[in-house]
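Contents: one structure, followed by commentary.
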Amino acid sequence: YCTLVPQKGTKSWNCSACGFTVEGKKDAGVSTWEELKAAVEAGKSPIYLAGDITAAEPIACGTNTVVHGVGHTLRFVKEDGVFKNALLDAQDKELTLTDLVLDGTDCEHSSYLGVVNGETDSVLKLENVTIQNFRANRIIRSVSGRSVELTNVTIKNNTLYDVNQPGLVWLVNTLDSKLRNVVITDNQAEKTNRAVAIFLFGDKNVQTLYAE
């Protein structure tokens with residue numbers, strides 16, 4: 001477990017085990033699934049990954065949550081191989097993911113909610129994130145969210161199955177979406193005439209989509 005200790009004369013905290021420094025925060029480093037789950041449930045943020053972690057259950061955020069992957073992988077594996085809820089669910093909160101690989105090798109995601117999901121008033125921010133090797137209906141989903149911001153995000157080697165109009169990036173009634181350097185490559189769909197890469201739809205408010 002990452003043990004963060006205060007640096008003398010400063011407000012930052014340094015981990016004696018892995019060297020991470022968190023400005024003005026404490027007790028943030030995790031290296032096992034149990035520690036990550038406990039940190040999210042306790043509302044700790046930001047959370048730093050100190051190593052690759054295998055998640056056995058979906059993660060739902062009850063508070064605004066920031067997860068810094070520091071180049072590590074969060075892999076979803078379950079005994080029966082099937083997850084029935086959003087794997088990383090912001091619900092109505094803010095979820096930020098940075099420098100992280102989300103891997104779904106040998107994992108089937110059976111929910112229309114998406115691998116990364118946001119509901120009403122949510123904010124999703126992903127930077128330097130790769131999402132790969134999932135069999136899912138949707139990869140990133142936001143419905144009635146305040147904003148989605150994807151920067152240097154790669155979505156690759158995923159398979160979309162044919163239920164509930166499959167899509168890789170699903171934006172419905174989300175007011176403000178920004179996509180910067182988003183790479184979508186080597187994905188496939190079980191029925192190619194139904195799947196979409198980016199779905200943008202709104203029936204309540206004017207939506208904006210900025211891409212570069």
*Rg followed by Dmax, in Å, when the range 124-212 is reduced to its Cα trace*: 12.5, 34
_Given charges at beta-carbon only (K, R positive; D, E negative), |dipole| of the range 102-212 in Debye_ = 180
*Taking the simple approach of a point 7 Å from Cα along Cα-to-Cβ for both THR63 and ARG146, what is their distance in nm?*
1.7
*Could you check the simple spin-label distance between ASN181 and ASP92, using points 7 Å along Cα→Cβ, in nm with one decimal?*
3.5
*Roughly speaking, what is the centre-to-centre gap between the range 157-177 and the range 64-125 when only Cα atoms are used, to the nearest Å?*
14
*Determine the relative contact order of the range 162-212: mean sequence separation of Cα pairs under 8 Å and six or more apart, normalised by residue count, in whole percent.*
58
*For the range 115-174, just say rounded, prolate or oblate: build the C-alpha gyration tensor, square-root its eigenvalues into a ≥ b ≥ c, call rounded for a/c under 1.5, and beyond that prolate if a/b exceeds b/c, oblate if not.*
oblate
*With a sphere of radius 12 Å drawn around the Cβ of VAL182, what net charge do the other residues whose Cβ falls strictly inside it have (Lys, Arg +1; Asp, Glu -1)?*
0
*List the residues of the range 140-157 whose backbone N lies under 19 Å from a point placed 7 Å from the Cα of VAL172 along the Cα-to-Cβ direction.*
140-149
*Quick one: if you stick a label point 7 Å off each Cα along the C-beta vector at ASN85 and GLU190, how many nm between them?*
2.4
*Using 0.36 nm per residue of separation minus the Cα-Cα distance, give me the extension gain between GLU34 and ALA211 in nm, one decimal.*
60.0 nm
*Of LYS37/LYS191; LYS125/LYS191; LYS78/LYS191; LYS93/LYS191; LYS44/LYS156, which pairs sit farther than 28 Å apart, going by alpha carbon to alpha carbon?*
LYS37/LYS191; LYS125/LYS191; LYS93/LYS191; LYS44/LYS156
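All of the numbers you see were taken from the coordinates with simple rules; none came from a lab. Just so it is clear, the structure is predicted and the values come from calculations on it, not from any experiment. So basically every Cβ, Gly included, is an ideal-geometry build from the backbone, and we count neighbours across all protein chains shown.
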